[in-house]
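Below you'll find the structure I mean.
Values in this text are rule-based calculations from the coordinates and carry no lab data. Values in this document were obtained by computation on a predicted structure and should not be read as measured data. Neighbour counts run over all protein chains shown; Cβ positions are idealised from the backbone, glycine included.
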């Protein structure tokens with residue numbers, strides 16, 4: 001092998017090595033995405049009561065320890081429709097924050113003073129936790145929310161806010177026997 005062939009072979013080997021390194025670097029795993037923090041976090045099993053108020057509409061639910069199921073906390077004491085209520089304690093355990101808003105905002109403009117919807121969560125420890133849900137954002141992708149004891153405002157998914165607010169506006173009652181299901 002002459003000198004020219006050796007140099008040419010060396011250049012080709014270097015190019016193959018550079019191409020292989022470039023290929024494998026682009027094929028590496030994408031960086032881990034960190035999940036946004038929770039607005040609040042409660043164990044679903046610690047929730048024993050829920051009250052949702054929207055204007056004049058108020059619905060309350062209570063955990064019946066003896067029966068091991070949720071009931072409307074009213075004179076009927078009926079069980080909610082399981083298809084609509086099923087995952088509610090998990091949803092009420094806390095949504096993730098989509099964005100933290102800067103301080104000094106006018107809470108009235110956001111539907112938080114007074115709140116459009118107030119959710120009171122009764123805890124097994126005897127305490128309670130209160131959340132205010134405000135207006136949807138202009139693009140309807142999120143709701144303005146805050147904890148009742150804190151003026152910090154956050155955005156959470158509109159789906160979460162809509163489902164929770166609907167507990168007051170369209171409670172998950174079972175249809176009367178013999179009624180046609182929608």
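To the nearest 500 deg cm²/dmol, what mean residue ellipticity at 222 nm is calculated for the chain from DSSP H runs of n ≥ 4 alone, each contributing -39,500 (n - 2.57), summed and divided by the residues? Write out the running numbers ahead of the final one.
Working: 4 runs with 45 residues, N = 182.
The helix contribution divided over the chain gives -7500 deg cm²/dmol.
Would you please state the base-10 log of I(q)/I(0) at q = 0.08, 0.10, 0.13, 0.14 1/Å for the chain, with intensities from the Debye formula using one equal scatterer on every alpha carbon?
Log10 I(q)/I(0), no solvent term: -0.40, -0.52, -0.74, -0.83.
While we're on this one: Would you look at the GNM of the chain, springs on alpha carbons closer than 10 Å, and say which of 40, 23, 144 moves the most?
23
For the chain, what relative contact order do you get, as a whole percent, if you take Cα pairs closer than 8 Å and at least 6 residues apart? Each step should come with its number before you reach the end.
Working: 269 pairs, mean separation 39.5, N = 182.
About 22 percent, as a whole number.
Fewest to most neighbouring Cβ within 10 Å: what's the order for 75, 124, 53, 5?
Numbers: 75 6, 124 14, 53 18, 5 9.
Listed from fewest to most nearby Cβ atoms, that is 75, 5, 124, 53.
Also, I was wondering about something else. Considering the chain as a Gaussian network with a 10 Å cut-off on Cα pairs, which listed residue, 34, 47, 21, attains the greatest mean-square fluctuation?
It is 21.
Arrange 52, 145, 11 by Cβ neighbour counts within 10 Å, fewest through most, would you? Before the final figure, lay out the partial values.
Values: 52 24, 145 28, 11 10.
Fewest-to-most Cβ neighbours within 10 Å comes out as 11, 52, 145.
Also: Over the chain, with a Gaussian network built from C-alpha contacts below 10 Å, which listed residue (133, 12, 48) shows the highest mean-square fluctuation?
Among 133, 12, 48, the largest GNM mean-square fluctuation belongs to 12.
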